[in-house]
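Participant: Below you will find the structure I want to go over with you.
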Amino acid sequence: MTMWRIHAPSSSANLGPGFDVLGLALHLGITLELEPDCQQGFDLEISGESADTLPRDRSNRILSVASEIAGDAVDEARWKIHSDIPLSRGLGSSAAAHACGVAAGILLRDGSPPPPEQLFQLVSNIEGHPDNAAACIDGGLQAGSGNSSSWIHVSLHIESVPRVLAVIPAV
């Protein structure tokens, strides 16, 4: 039995200074466990933040992106998704979901993970900007720019990783 585990962290790019340019990977994230060619056929388990509001079919953001890449292989896999990223709060939940979806789609199609640069380019294209994608894929503090024909990013060295406290009101 083959099992792949993908983890994509949340990021700070939609908070405060550096909006749409700077992104810092944070400790919250999405973890996807994927079993291709599952004997039982398609199965989707979702847990964590907002689990009860997320679709449990191909309209799920992760599965939708994966199915664009891998087609029907999505329907033959067992998916276990856990997220502790609050949705719609500026913490990069969509970039993390897109990164999981792209990585899963390429794994299902090719049987091996994508190179980080390919993953970065594809996720940045989906997102329309590279800030959250860069932090989510390469970690640390990232600065990014570009357009759909070519995205770039650089890692910025910081002496010590800052502690981040996000106060997230209920809406």
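Participant: Examine the range 16-29 for a residue that is modelled with pLDDT of 95 or more and more than 21 Å from S155 (Cβ to Cβ), and state whether such a residue exists.
Facilitator: no
Participant: Please name all residue pairs, on different chains or six or more residues apart, with Cβ atoms under 8 Å, provided the first residue is in the range 126-152 and is in contact (Cβ under 8 Å) with a residue 12 or more places away in the chain and the second residue is part of a helix (DSSP H, G or I) and surrounded by fewer than 17 Cβ atoms within 10 Å (Cβ to Cβ).
Facilitator: Between residues of the range 126-152 that are in contact (Cβ under 8 Å) with a residue 12 or more places away in the chain and residues that are part of a helix (DSSP H, G or I) and surrounded by fewer than 17 Cβ atoms within 10 Å (Cβ to Cβ), the close pairs are I137/P116; D138/P116.
Participant: Out of all the residues in the range 149-167, which are of a type outside the set (D, E, K, R) and surrounded by fewer than 11 Cβ atoms within 10 Å (Cβ to Cβ)?
Facilitator: S149, S150, H157, I158, S160, P162, L165, V167
Participant: Can you pull out the residues in the range 81-122 that are of a type in the set (V, I, T), within 20 Å of P55 (Cβ to Cβ) and either in a helix (DSSP H, G or I) or modelled with pLDDT of 95 or more (or both)?
Facilitator: Going through the range 81-122, the residues of a type in the set (V, I, T) turn out to be 81, 85, 102, 106.
Next, from what is left, pick out any that are within 20 Å of P55 (Cβ to Cβ): 81, 85, 102.
Once the filter is applied, which keeps residues that are of a type in the set (V, I, T), within 20 Å of P55 (Cβ to Cβ) and either in a helix (DSSP H, G or I) or modelled with pLDDT of 95 or more (or both), the range 81-122 yields I81, V102.
Participant: Further question on the same structure: Which of the residues belonging to the range 57-66 are surrounded by fewer than 20 Cβ atoms within 10 Å (Cβ to Cβ) and closer than 17 Å to P36 by Cα?
Facilitator: Once the filter is applied, which keeps residues that are surrounded by fewer than 20 Cβ atoms within 10 Å (Cβ to Cβ) and closer than 17 Å to P36 by Cα, the range 57-66 yields D57, R58, S64.
Participant: Evaluate the following for D43: is it touching a Phe, Trp or Tyr at 6+ places or on another chain (Cβ under 6 Å), surrounded by fewer than 19 Cβ atoms within 10 Å (Cβ to Cβ) and more than 29 Å from A170 (Cβ to Cβ)?
Facilitator: So D43 does not fit the description; no.
The values are calculated or read from the model by the stated rules, or taken from the named source; none is laboratory data. All figures in this text were calculated on a predicted structure; none of them were measured in a lab. Here the Cβ is made from the backbone with ideal geometry for all residues, glycine too, and neighbour counts use every protein chain on show.
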